[in-house]
Amino acid sequence: MRASLADQQGAQLRRRAAAVAQSLQQPHTLAIALGANLPSPAGEPADTLFAVRPLLEQAVQDWLGAPTGLRFRWSPLLQSAPVGGPADQSDYVNGALVVELPCTASPAQPSPAADLQVALQLLQGLQQLESRFGRPPVAEREHWGPRSLDLDWLWWGHRQLDLSATAATPALQLPHPLWHQRTFVVEPLAAIAGLRTTP
């Protein structure tokens, strides 16, 4: 019975993730997941996720060279139990951002090598925002541990990028290999897509 329920929940999550991808993962969109379960200089986790919004929008605008026609679509904030990591963690507050890019913001024929260099600029900007809100550097983080701010880049259109971490560059994989397996990512995206809440 328990395995059957887990199978049903897994199948439901896969269906919702597929619907989200069909609705939102378009050639001229990018998506970022947000999460926090520790206080930051901005306050409690929900305060942090609201405080980072204008800074995240500015980081994306700066990264793209401040084009006109960007549309920022924010999810509501949702609460979720921690997955993995220490057993005594507090619940997380999660959200998501989908940015609709003007067609001119992306080349018609993406070049993986050029895209990777450009993508690293935004990834580093995301990590600077995490640091600004009190998250320690990557080398000092506990795997799946609590965090004051977590920004995960989920996709950039249909680009497929894969870079292993080095001393000079952080790891980057687009689309994020696990986004569609995480309820705390799929549900905020589903809210942006206008999908009905699961019972």
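The values are calculated or read from the model by the stated rules, or taken from the named source; none is laboratory data. Note that this is a predicted model, so its numbers are computed, not measured. Backbone-built Cβ (ideal geometry, glycine too); neighbour counts: all protein chains shown.
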Checklist line | Long-range neighbours under 6 Å by Cβ, at least six apart or interchain, first residue touching a residue at least 60 places away in the same chain (Cβ under 8 Å) and closer than 13 Å to S23 by Cα within the range 169-193, second assigned to a helix (DSSP H, G or I) and hydroxyl-bearing (S, T, Y) | finding: A193/S23
Check: Which residue pairs have Cβ atoms under 8 Å apart, sit 6 or more places apart or on different chains, and have a first residue in the range 49-74 that is free of Cβ contacts under 8 Å to residues at least 24 places away in the same chain and of a type in the set (V, I, T) and a second that is surrounded by 16 or more Cβ atoms within 10 Å (Cβ to Cβ) and outside any loop (DSSP other than H, G, I, E, B)?
Finding: none
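Please work out which residue is nearest to P175 (Cα to Cα), limiting yourself to the range 38-61 and to residues that are assigned to a loop (DSSP other than H, G, I, E, B) and out of contact with any helix residue (DSSP H, G or I) (no Cβ under 6 Å at 6 or more places or on another chain).
Residue satisfying both the conditions and the ranking: L38.
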Check: Among (1) closer than 19 Å to N94 by Cα; (2) surrounded by fewer than 19 Cβ atoms within 10 Å (Cβ to Cβ); (3) modelled with pLDDT of 70 or more; (4) out of contact with any helix residue (DSSP H, G or I) (no Cβ under 7 Å at 6 or more places or on another chain), which single condition is E187 missing?
Finding: (2)
Next item on the list: Please list, ordered by first then second residue, the pairs with beta carbon atoms under 8 Å, 6 or more apart or interchain, first in the range 103-130 and of a type in the set (G, A, S), second part of a helix (DSSP H, G or I) and modelled with pLDDT of 85 or more.
Entry: G125/A59; G125/D62; G125/W63
Checklist line | Those residues of the range 92-147 which are modelled with pLDDT of 85 or more and among the hydroxyl-bearing types (S, T, Y), in sequence order | finding: Y92, S131
Check: Of the numbered conditions (1) within 21 Å of V93 (Cβ to Cβ); (2) out of contact with any Ser or Thr (no Cβ under 6 Å at 6 or more places or on another chain); (3) assigned to a loop (DSSP other than H, G, I, E, B), A33 satisfies every one except a single condition; which is it?
Finding: (3)
Margin query: Consider the range 66-91. How many of its residues are over 13 Å from F50 (Cα atoms) and modelled with pLDDT of 95 or more?
Written below: 3
Note to self: With assigned to a loop (DSSP other than H, G, I, E, B) and small (G, A, S) as the only criterion, which of G84, G95 stands out?
What the structure shows: G84
